[in-house]
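Engineer: What follows is a structure written as structure tokens; I'll ask about it next.
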């Protein structure tokens, strides 16, 4: 355990950030699974709605620093490709 007051604070903040990042990543994974199942079933309307929701969630995660901007772009591109194959 750290002796310095500021380092103790950084440890507390890191724990809070780790929890928040895990929650965001978990919700993104859930949305991806729902999107993949709708694409696999061929449900175009649901897939379109989920892709819009997924893109905004990915952008929000990237702006908060949960995802790297290139990772966010790659994931959005993947969603767009799957949606295009469905069309």
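Engineer: Of the numbered conditions (1) under 30 Å from residue 1 (Cβ atoms); (2) surrounded by 11 or more Cβ atoms within 10 Å (Cβ to Cβ), residue 12 fails exactly one; give the number of that condition.
Structural biologist: (2)
Engineer: Oh, and also: Quick one: would you say residue 73 is under 15 Å from the mean Cα position of the chain (by Cα) and free of Cβ contacts under 8 Å to residues at least 12 places away in the same chain?
Structural biologist: Here the answer is yes, as residue 73 does meet what is asked.
Engineer: Right, here's the next one. Looking at this structure, is residue 30 in a helix (DSSP H, G or I), within 12 Å of the chain's Cα centre (by Cα), exposed (fewer than 15 other Cβ atoms within 10 Å of the Cβ) and at pLDDT 95 or above?
Structural biologist: Taking the combined requirement at face value, the residue satisfies it.
Engineer: Still on this model: Mind checking which residues of the stretch 38-62 are modelled with pLDDT under 95 and under 12 Å from the mean Cα position of the chain (by Cα)?
Structural biologist: none
Engineer: Being in a helix (DSSP H, G or I), more than 24 Å from residue 21 (Cα to Cα) and either touching a helix residue (DSSP H, G or I) at 6+ places or on another chain (Cβ under 8 Å) or without any contact (Cβ under 8 Å) to a residue 12 or more places away in the chain (or both): is that true of residue 54 here?
Structural biologist: Details: in a helix (DSSP H, G or I): yes; more than 24 Å from residue 21 (Cα to Cα): no; either touching a helix residue (DSSP H, G or I) at 6+ places or on another chain (Cβ under 8 Å) or without any contact (Cβ under 8 Å) to a residue 12 or more places away in the chain (or both): yes.
No.
Engineer: Take the residues of the stretch 63-87 that are part of a helix (DSSP H, G or I) and under 14 Å from residue 27 (Cβ atoms): which is modelled with the lowest pLDDT?
Structural biologist: Filtering first and then ranking leaves 64.
Engineer: While we're looking at this one, here's another question. For residue 5, indicate whether it is free of Cβ contacts under 8 Å to residues at least 60 places away in the same chain and more than 16 Å from residue 58 (Cβ to Cβ).
Structural biologist: Answer is yes for this residue.
The values are calculated or read from the model by the stated rules, or taken from the named source; none is laboratory data. Keep in mind the model is a prediction, meaning the values are calculated, not measured. Using ideal geometry, Cβ is built from the backbone for each residue, glycine included, and neighbour counts are taken over all protein chains shown.
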